[in-house]
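One structure below.
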Amino acid sequence: QKEVEQNSGPLSVPEGAIASLNCTYSDRVSQSFFWYRQYSGKSPELIMSIYSNGDKEDGRFTAQLNKASQYVSLLIRDSQPSDSATYLCAAENQAGTALIFGKGTTLSVSS
Amino acid sequence: DGGITQSPKYLFRKEGQNVTLSCEQNLNHDAMYWYRQDPGQGLRLIYYSQIVNDFQKGDIAEGYSVSREKKESFPLTVTSAQKNPTAFYLCASTPGDTGFTDTQYFGPGTRLTVL
C-alpha cells in the first residue's frame, strides 16, 4: 500500500451538491494531514489541515479524520463551478521531514 | 507584496545541459522546499532547507543540486544526470523551522521542458 492514496477521479457533481473527496493512508505516515487545491497549471494552495480525530469545519469545507480506519476526507458543501480543480491529500512522514502527497482527485462541478 | 517568486515560468533545455531554476521569497521564512510534479501525479520532494547553509535530500534528489547561501533564495539546478527532467517544478516555504506542520506557501512554479 502506498503511503497516501486517492482516487484520481474525475468526480463530477452538480452545482449546489456536496462533493466528497477521500484519502487513505498507511502506517508509514504521521498523524498530520493536509488538503490542497490545485487549479490546472497553477500551484497548490492549502485548504485545511487536520491533526485530531473527528471533523474540522471552515466555511463550506469540512475535513474529517478517522484514525482507526486510516482515512481522511474533505467535504465541500454547496459546490460551485469555481471549486472545479484537483484536490491533493498530503500527510507528514513519520520523521516529520517531508510531506507525502497523493496523486490528487479531479473534481468537476457542473452548472 | 510578500510572496514567493519563481523564474522563469517556462524553460526549455536541450539534453545534456544544466539549468538553474530560481526561487526567491520575501516572507522571512526559514524553511524552503523544492518539489517536482508530473502530469496526473502528486508532488514529490526533491530537496529542502530549514536554515541557511544547510539542506537535505528529499525522495528524488538524484540529478539535482541546490544551495542556500541566503535566507531569501533557494535555487535548484537540474543537471544532465537527471534522466527525465521534463516536469512542473514548485518551490515552497514555511514560516519557521518546525517542519511541515507549518502552512506551506507555494510559488507559481516553473515548467521545464527538455527538447
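The values are calculated or read from the model by the stated rules, or taken from the named source; none is laboratory data. Please read all numbers here as calculations on a predicted model, not as lab measurements. No Cβ is skipped: glycine too gets one built from the backbone with ideal geometry, and neighbour counts run over all protein chains shown. Side chains are part of the model used for accessible areas, which takes the heavy atoms of the whole protein and leaves out ligands, DNA and RNA. Shrake-Rupley method; radii C 1.70, N 1.55, O 1.52, S 1.80 Å.
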Checklist entry - In the stretch B:12-35, what count of residues is obtained for those that are more than 18 Å from B:Tyr105 (Cβ to Cβ) and within 13 Å of another protein chain (Cβ to nearest Cβ)? => result 0
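Within the stretch A:13-23, can one find any residue that is without any contact (Cβ under 8 Å) to a residue 12 or more places away in the chain and open to solvent by 40 Å² or more (accessible area, probe 1.4 Å)?
Scanning the stretch A:13-23, I find no residue that is without any contact (Cβ under 8 Å) to a residue 12 or more places away in the chain and open to solvent by 40 Å² or more (accessible area, probe 1.4 Å), so the answer is no.
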Checklist entry - Under 9 Å by Cβ, and 6 or more places apart or on different chains, what pairs join a residue from the stretch A:56-71 that is among the β-branched types (Val, Ile, Thr) with one that is open to solvent by 60 Å² or more (accessible area, probe 1.4 Å)? => result A:Thr62/A:Asp55; A:Thr62/A:Lys56; A:Thr62/A:Arg77
Next on the checklist: Anything in the stretch A:68-99 that is under 15 Å from the mean Cα position of the chain (by Cα) and open to solvent by 30 Å² or more (accessible area, probe 1.4 Å)? List them, or say none.
Outcome noted: A:Gln70, A:Tyr71, A:Leu75, A:Arg77, A:Ser84, A:Thr86
